[in-house]
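The values are calculated or read from the model by the stated rules, or taken from the named source; none is laboratory data. Just so it is clear, the structure is predicted and the values come from calculations on it, not from any experiment. With ideal geometry, Cβ positions are generated from the backbone for all residues, glycine too; neighbour counts draw on all protein chains shown. Ligands, DNA and RNA are excluded from the accessible area calculation, which covers all protein heavy atoms including side chains. Shrake-Rupley method; radii C 1.70, N 1.55, O 1.52, S 1.80 Å.
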Amino acid sequence: MTVSRLAAGRVSAARVALAGGIALSSVVLLSGTAFAHVSVQPQGEAAKGGYATVNVKVPNERDNASTVKLEVNFPLDHPLASVMPQPVPGWKAVVTKSKLAKPLELHGKTINEAVSKVTWTSAGSKIGPGEFQQFPLSLGRLPEDTDQLVLKAIQTYDNKEVVRWIEEAKEGADEPQNPAPVLKLSAASADHHGGAAKPTATATTDAKGGHDDKAGGHEETASASSSTDTTARVLGVVGILVGVAGVAFGILAGRRRSA
């Protein structure tokens, strides 16, 4: 009876492990599919009214072709006066500007045109199968009247295939097949340069009137607490090991008595 129960338990454990492996594999496969598209990722903060550096990430989705051209379009309803590409070896970048219907005021100057797109074309390099490339951009000043910028992209392969990443996601709907890259904007910062100004150490100490000592005390308390937690964990593990050893000893003793 005991042997049957042990065998059943082992079969159940094996089934659980198999089901978990299948579930994990499904998640990995679905995640790869969901994120294998052109995207834009800020390096640090992309705050409204400030400046930001972003990477346009371009994966190659084809097994038999390489990416040789990328075009990223910028919305003129939320224009950017400055878009500067960082040089990428093996690629040529061209910045295109368009006339604005409503001029921008920036640093006391009137801006009548803004960047409408940036195009990278292969000049020796390609994005091969199973590879990706990042194209850095400096953007500014970011608009203050929107929470995001939709940067529609067009990817061209060396077999003449063109993929248009221009579909905008709709609230409550599934992600489109070819979603447009979206740059999420955070709340405006104090200095309008993508990060709030940090006070100097002297200014902080003067403003707090010598409260730095109290802060130090808090750090020491946190360290002591961390040390106590570590000790407790070690003792807990030791207790578990002792308990396991006791159970094993009891089982062996029982077998000897039965014998």
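Taking all protein chains into account, the per residue accessible area for the stretch 32-73 stands at 41 Å² (1.4 Å probe).
Label separation (K57 vs N112): 4.1 nm, computed from points 7 Å beyond Cα along the C-beta direction.
Relative contact order (percent) for the stretch 48-177, with alpha-carbon contacts under 8 angstrom and 6 or more residues of separation?
Computed over the stretch 48-177, the figure is 39 percent.
A cut-off under 15 angstrom between Cβ atoms defines the neighbours of T156, and their net charge, with Lys, Arg +1 and Asp, Glu -1, is +4.
Sequence-distant contacts, meaning Cα pairs under 8 Å at least 6 residues apart, place the relative contact order of the stretch 72-143 at 45 percent. Leaving out ligands, DNA and RNA, what percent of the accessible area of the stretch 72-197 is carbon and sulfur, probe 1.4 Å? Heavy-atom surface of the stretch 72-197 belonging to carbon and sulfur, 1.4 Å probe: 49 percent. For W165, neighbours were defined as the other residues whose beta-carbon sits under 14 Å from its Cβ, and their charges (Lys and Arg +1, Asp and Glu -1) total -1.
Bridging of K69 to lysines at a Cα separation below 16 Å is possible for K57, K92, K117, K126, K152, K160, once same-chain residues fewer than 8 apart are set aside.
Fully extending the segment from L76 to N64 would add 0.7 nm, taking 0.36 nm per residue of separation and subtracting the current Cα-Cα distance. The residues of the stretch 109-195 expose on average 55 square angstrom of accessible surface per residue, using a 1.4 Å probe on protein heavy atoms.
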